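Working notes for the structure below.
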Amino acid sequence: MKVFISQPMRGWKREVIEDMREKIKKAVQNEYGKDVDFLTAFGCAPADDIKPLAALGVSIAVMSTADLVVFAPNWSDARGCMIEHECCRLYGVESIEAGYTDDGEIRINYEEK
């Protein structure tokens, strides 16, 4: 199974972004098993060398090959994630949302459509 993680990045340090991605990966593997191929557009080009809209285009291209898209917590606060979410909705790509448990752990649930 190929999984793409849609995650807010603007204003976040790389270490925080990577930490969140690892937590989401662990939650996905707990739900679907270890045989998951995580796709990424993160780091395909240095942030200073690519305009945000071009980065979103790369992200959507990578996302288009996924079997499942996981939306990180607070995705609805980020323009790129909102556009990726709308692409999933319009093109019928399966998606789920990640959120926090009461003890601060990441969990995933199927998104209501």
Scan of segment 19-41 for residues that are among the charged types (D, E, K, R) and without any contact (Cβ under 8 Å) to a residue 12 or more places away in the chain, ordered by number: 19, 22, 34
Output for segment 70-113, where each listed residue is of a type in the set (Lys, Arg) and more than 19 Å from residue 38 (Cβ to Cβ): 79, 89, 113
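Just so you know, all these numbers are worked out from the coordinates, no wet-lab data involved. Since the structure is predicted, the reported quantities are computational estimates derived from the model, not experimental observations. For neighbour counting, all protein chains shown are included, and Cβ atoms are generated from backbone atoms with ideal geometry for every residue, glycine included.
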